[in-house]
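Heads up: the structure comes next, in structure tokens.
No lab work stands behind these numbers, since they all come straight from the coordinates. Here the structure is a predicted model, which is why all the values come from computation and not from measurement. Reconstructed Cβ throughout: ideal geometry from the backbone, glycine too, with neighbour counts over all protein chains shown.
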Amino acid sequence: MTKLSVNINKIALIRNAREGNLPDIFKIAQDIEHFGADGITVHPRPDERHIRFSDLPILKDQVKTEFNIEGYPGERYLETVLRIKPHQCTLVPDPPDALTSNNGWDTIKHRKYLSDIISKLKDAGIRVSIFLNPDIDMVYAAKETGTDRIELYTGPFAWNYSKNREDAISKYISAAKIAHEIGMGINAGHDLNLDNLKFFITNIPYTDEVSIGHALVSDALYFGLHNTIQMYKTLLRIDN
Ligand code: PXP
């Protein structure tokens, strides 16, 4: 079954609005795991506007499921992840001032750069995933970087879902099929929500993991965190 990793950046954003630790992101991360999530994702950005670099070792020590740290592989990111060794690193090509991740890697242009970083991370025992648009050439070149997995950038799928969902998913099916055939795992993330998740997973049933933050935290305002996580987990069960 596809795993659900909950991105807690938005919770950290609320905490950072004031001094102190309310909401307590460490307790929330623990509760998210108790409520059924399969992992915790964070995405430290250079300005630390949501998760802070100082949060990372604490989370690493307490997360019992899977800890995934996304980010642009700059000096500070690499130094931190090589020191604390999360289960997975998801490398994204965002410029430092990006509001949110908004594009996948050009794995042809950056093949050598990525290969060097990925081999360092893998030598440290960290599984690596790289953020990718659903482009077949990029998928083949991703394989040559040595990455374990790709994370399909699902923003464009989500935006086009309500217009024509078959069209919205078609490139993702082709890209995922090839990635699967050539032996890479498949993660997916960005703008997945209670409306579009089931359709994505039904069409790409071998998705290993989805990471979801913005919609899930927003849904929790209405349904509560426990119910919301269970709702997302139910959608990931393709037999229902
Ligand atoms: N994957 C990556 C690489 C991201 O940067 C983000 C947002 O931080 C997500 C997944 C999750 O996206 P969303 O918050 O829209 O669920």
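Structure above, values below:
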item: Length-normalised contact order for the range 46-168 - Cα pairs under 8 Å, 6+ apart - percent; result: 20 percent
item: Calculated [θ] (222 nm, deg cm²/dmol) that DSSP helices of n ≥ 4 give over the chain, each run adding -39,500 (n - 2.57); result: -13500 deg cm²/dmol
item: Sequence-distant residues sharing a close amide H with residue 3 (under 5 Å, placed H); result: 209, 210
item: Largest to smallest principal axis extent of the C-alpha atoms in the chain, angstrom; result: 47, 42, 30
item: Inter-probe distance in nm under a simple model that places probes 7 Å from Cα toward Cβ, at residue 61 and residue 227; result: 3.6 nm
item: Sorted by Cβ density within 10 Å, fewest first, the residues 192, 235; result: 235, 192
item: Cut-off under 5 Å, modelled amide H: who pairs with residue 35 long-range; result: none
item: Cross-link reach list, lysines versus residue 109, counting only Cα pairs under 18 Å and skipping chain neighbours closer than eight places; result: 143
item: Which of 127, 49 has the fewest Cβ neighbours within 10 Å, and the rest in rising order; result: 49, 127
item: Amide H contacts of residue 52 (H built 1.01 Å from N, under 5 Å, at least 5 apart or other chain); result: none
item: Phi-based couplings in Hz for the range 3-9 (Karplus 6.51, -1.76, 1.60; Gly and Pro marked x); result: 7, 10, 9, 9, 7, 9, 4
item: Proximal charge balance of residue 153 [Cβ under 12 Å; K/R count +1, D/E count -1]; result: -4
